[in-house]
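What follows is a set of notes on a single structure, which appears directly below.
The values are calculated or read from the model by the stated rules, or taken from the named source; none is laboratory data. Model, not experiment: these values are computed from the prediction. Here the Cβ positions follow ideal geometry from the backbone for every residue, glycine too, while neighbour counts run over all protein chains shown. Areas reflect the complete protein model, heavy atoms only, side chains present, ligands, DNA and RNA absent. Shrake-Rupley method; radii C 1.70, N 1.55, O 1.52, S 1.80 Å.
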Amino acid sequence: MGKVYVFDHPLIQHKLTYIRDTSTGTKEFRELVDEVATLMAFEITRDMPLEEVEINTPVSKATSKVLSGKKLGIVPILRAGIGMVDGILKLIPAAKVGHVGLYRDPETLMPVEYYIKLPSDVEEREFIVVDPMLATGGSAIEAIHSLKKRGAVNIKFMCLIAAPEGVDALKEAHPDVDIYIAALDEKLNDHGYIVPGLGDAGDRLFGTK
Ligand code: URA
């Protein structure tokens, strides 16, 4: 079963408070999401494998460590996931960025893929699928299905705020995927919003409403 990590780092929790607050405007909201994504990327890469290389410092020969694992791919779920990409790229600038877009079928209410573009070497990469909110889990589950259908085998999911309902659904649908969360909230309300949450992440990131 995939593991669930909730990042309780004080800096992440502090910034999340301002992200949640309704008086935080679009510019500051976007900057804070970017900063939290960077901090989460630092934590999420903690288990990256290293290998030793020989180098020359100005003083002596030395054995030192460099990253040795699979190359990374970041896949934001359109549209709110885009707000987390630059923050991750600050720490992992060589990562490739794919995109997946989903809409909700008005009859079945199920998410349906309308757009996908991934790096060509899907099997070789480790992917981080990102979306600020894990609410019912429907979009995350479908996005990860879309990646797996195209050959991805190594996938993590990262979000700012999750509802317990979404975490349970994602764990059940994709037990191989580890989930990284900045805050696990109380519940979903009748409109599918996370409580207390932050409102509509896409609208707050892009200033639409
Ligand atoms: N998507 C959002 O943007 N906010 C929520 O609370 C739930 C889903």
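Observations
- Gap separating the Cα centres of region 20-52 and region 148-175, nearest whole Å: 18
- The peptide list 93-103, 57-67, 123-133, put in order of mean Cβ contacts within 10 Å with the highest first, becomes 123-133, 93-103, 57-67.
- Degrees between helix 26-44 axis and first principal axis of the chain (Cα, 0 to 90, nearest 10): 50
- Our compactness index for the chain, the C-alpha radius of gyration over the empirical 2.2 N^0.38 Å, is 1.07.
- Relative to the longest principal axis of the Cα atoms of the chain, the long axis of helix 164-173 makes an angle of roughly 60 degrees.
- In summary, the aspartates and glutamates within cross-link reach of residue 71, defined as a Cα separation below 12 angstrom excluding same-chain residues under 8 places away, comprise 121, 123, 124, 126.
- Under 25 Å from residue 27, Cα to Cα: lysines that are on another chain or at least 8 residues apart: 15, 90, 209
- Packing, taken as the mean count of other beta carbons within 10 Å per residue, orders the peptides 79-90, 196-207 from highest to lowest as 79-90, 196-207.
- Mean accessible surface per residue for region 27-137, computed with a 1.4 Å probe while every protein chain stays in place, in Å²: 57
- Point-charge dipole on Cβ atoms (K/R +1, D/E -1) for region 128-209, about Cα centre, debye to 20: 360
- Antiparallel bridges, percent of DSSP beta bridges restricted to region 4-206 (to nearest 5): 40
- Cα-centred dipole magnitude for region 55-209, charges only on beta-carbon of K, R (+1) and D, E (-1), debye, nearest 20: 900
- Per-residue ellipticity at 222 nm computed for the chain from its helices equals -9500 deg cm²/dmol, with DSSP H segments shorter than 4 residues left out and the rest contributing -39,500 (n - 2.57).
- Here the chain has 53 percent of its accessible surface on carbon and sulfur atoms, given a 1.4 Å probe and all protein chains in place.
- Choice from 56, 154, 189 showing the highest fluctuation, given a GNM over the chain with Cα pairs closer than 10 Å: 56
- Note: region 8-118, Cα convex hull, 172 Å³ per residue.
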